[in-house]
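K.L.:
Have a look at this one before I ask anything.
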Amino acid sequence: MTRRLRTAILISGRGSNMTVLIEAARSPSFPAEIVLVAANRPDAGGLARAAAAGLPTVCVDHKAFGGREAFEQALQAELERHRVGLVCLAGFMRVLTPWFIERWPGRLLNIHPSLLPSFRGLHTHERALAEGVRLHGATVHFVVPELDAGPIVAQGAVPVLEGDTPDTLAARVLTVEHVLYPQALALVASGSAMLANGRVALTQAQAADAPGMLLNPPGP
Ligand code: GRF
């Protein structure tokens, strides 16, 4: 069997995306192995879920450090200690500085709850409803210093339905996130998708089958 890429997941909250990544990586044929779950908040619910799954966890509490730089150095030290080769942000709510991001070129992924480049930043579901878009969704992208602006690996779309609230729309987007993120991680960890000249290049086998998905509206 080929070597699986040692992967860390960074979280700040409940960790539902973390959970699906852990589940996917249980399969020995999955190209990434989850070797660490790290949180920046001691109350992140996902920490207990990761520990229950038998994974090493660590909390690098950002409040315990004098500034972003010291916090990120501590985080980087944990990643190095666990010999991590790829990092997945999954509901990680700290903006990372260029110092940290530049240490992980083509090896730092994030999932964002919108079809980027629409709706970068926070409150994506409220803003999608306010704009009246008919399709919304999620994006997995490489992280670059500009917020939510990195090269796109995969996207999934959902319809916006009459009567949607931010909560109902968020729930529909989340179902797509949970399929999309494991797919995107597999693409990157296997080398089928990689960062090249500021864009995501796909191997020939993948290029015929563009990474993306469309969740159909619920039937009548
Ligand atoms: C997800 O919607 C993700 O796209 C966003 O934060 C949320 C995290 O949810 N970045 P969870 O902690 O994975 O359940």
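The values are calculated or read from the model by the stated rules, or taken from the named source; none is laboratory data. This is a predicted model, so every value here is computed, not measured. Note that each Cβ is placed from the backbone with ideal geometry, even for glycine, and that neighbours are counted across all protein chains shown.
K.L.:
Looking only at region 152-187, count every residue that is in contact with a Gly (Cβ under 8 Å, 6 or more places away or on another chain) and either in the same structural domain as Ser29 (by TED's automatic domain parsing) or within 27 Å of Gly106 (Cα to Cα) (or both) and tell me the total.
P.N.:
Summing the residues that are in contact with a Gly (Cβ under 8 Å, 6 or more places away or on another chain) and either in the same structural domain as Ser29 (by TED's automatic domain parsing) or within 27 Å of Gly106 (Cα to Cα) (or both) in region 152-187 gives 9.
K.L.:
Evaluate the following for Val140: is it more than 11 Å from the ligand (Cβ to nearest atom), within 17 Å of Ser16 (Cα to Cα) and either in a loop (DSSP other than H, G, I, E, B) or not polar (S, T, N, Q) (or both)?
P.N.:
no
K.L.:
Taking the conditions exactly as written (away from the ligand (no atom under 15 Å from the Cβ) and either modelled with pLDDT of 95 or more or not acidic (Asp, Glu) (or both)), does Ala171 satisfy them or not?
P.N.:
No.
K.L.:
Still on this structure, I have one more. Read through the list (1) away from the ligand (no atom under 14 Å from the Cβ); (2) surrounded by 15 or more Cβ atoms within 10 Å (Cβ to Cβ), then give the number of the only condition that Gly132 fails.
P.N.:
Of the numbered conditions (1) away from the ligand (no atom under 14 Å from the Cβ); (2) surrounded by 15 or more Cβ atoms within 10 Å (Cβ to Cβ), the odd one out for Gly132 is (2).
K.L.:
A follow-up question, please. Count, please, the residues in region 16-53 that happen to be within 16 Å of the ligand (Cβ to nearest atom) and either out of contact with any strand residue (DSSP E or B) (no Cβ under 7 Å at 6 or more places or on another chain) or among the basic types (Lys, Arg) (or both).
P.N.:
So the answer is 13.
K.L.:
If I filter region 54-74 down to residues being aliphatic (A, V, I, L, M) and under 20 Å from the mean Cα position of the chain (by Cα), which single residue comes out as nearest to the ligand (Cβ to nearest atom)?
P.N.:
Leu55
K.L.:
Within region 1-20, which residues are more than 19 Å from Val176 (Cβ to Cβ) and either in a loop (DSSP other than H, G, I, E, B) or modelled with pLDDT under 95 (or both)?
P.N.:
Residues satisfying the conditions are Met1, Thr2, Arg3, Arg4, Ser12.
K.L.:
Given the criteria within 15 Å of the ligand (Cβ to nearest atom), within 23 Å of Pro113 (Cβ to Cβ) and free of Cβ contacts under 8 Å to residues at least 40 places away in the same chain, does Gly13 qualify?
P.N.:
Spelling it out, it is not the case that Gly13 is within 15 Å of the ligand (Cβ to nearest atom), within 23 Å of Pro113 (Cβ to Cβ) and free of Cβ contacts under 8 Å to residues at least 40 places away in the same chain.
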